[in-house]
Structure formats: structure tokens, C-alpha cells
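One structure is given below, encoded as C-alpha cells.
The values are calculated or read from the model by the stated rules, or taken from the named source; none is laboratory data. The model shown is predicted, which means the values in this text are computed figures rather than measured ones. Because the Cβ atoms are built from the backbone with ideal geometry, glycine has one as well, and the counts that use them run over all protein chains shown. SASA here: full protein model, heavy atoms, side chains in, ligands and nucleic acids out. Shrake-Rupley method; radii C 1.70, N 1.55, O 1.52, S 1.80 Å.
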Amino acid sequence: SYFVLLIALEAATKRPSERASFGLHRAEVLGGLGSILIIWATVGVLLYEAGCRLYDLAAHSEPPNTDGVVMFVVALLGLISNVSLLYL
């Protein structure tokens, strides 16, 4: 979603032309809307997966296996992504 927003911000800085006489200032708004929709969809999928996991946990006595290495790599990529966006 950050990538969509960055593209929209870049498009909004373009100069007016014959086709877009006032420039592309609405691209910021549409980019923000697209970014929020992507975030909402991601939250929806995560809530669905969490509900399925809780249901499986209630139906079975033992928790499902979690691969610690994969979890660490995903968390590290998220941290790197957030820190890199901090300096943009």
C-alpha cells in the first residue's frame, strides 16, 4: 500500500498538460483510497486466518506447529521495510 501511495504522490507532482489542465492533484486522494483499501483487505484476511486458527485450537487440544525461522524472517523483513520507509 505504501508503494501505491508513493506512485500517487509522484503523479500528483507532475505539471499540468493539455489532457490534465489542473495537473494530477486528485491522484493523491485516489492513491490514499487505494492504499487504505489494501490495508483493510489485509486486515480482513488476517482476522479471518486468526479466527480459523482459534477455531482449530478450540477443536483440537494441541496448538498447531509454528516454524520459528519463517516467523523470524517475516518479522525481520517487516522491520526492514518500516525502517526504510522512515527515511523516505
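General observations
- Search result, residues across segment 47-73 that are of a type in the set (Ser, Thr, Tyr) and in a helix (DSSP H, G or I): TYR48, TYR55
- CYS52 fulfils the conditions (1) open to solvent by 70 Å² or more (accessible area, probe 1.4 Å); (2) modelled with pLDDT of 75 or more; (3) not aliphatic (A, V, I, L, M) except for a single criterion, (1).
- The set of residues in segment 31-48 being surrounded by 11 or more Cβ atoms within 10 Å (Cβ to Cβ) and small (Gly, Ala, Ser) consists of GLY31, GLY32, GLY34, SER35, ALA41.
- Among the criteria (1) farther than 27 Å from THR13 by Cα; (2) open to solvent by 90 Å² or more (accessible area, probe 1.4 Å); (3) under 22 Å from the mean Cα position of the chain (by Cα); (4) not hydroxyl-bearing (Ser, Thr, Tyr), the one ASN65 does not fulfil is (3).
- Residue satisfying all of: in segment 74-88; of a type outside the set (A, V, I, L, M, F, W, C) and in a helix (DSSP H, G or I); most open to solvent (accessible area, probe 1.4 Å) among these: ASN82
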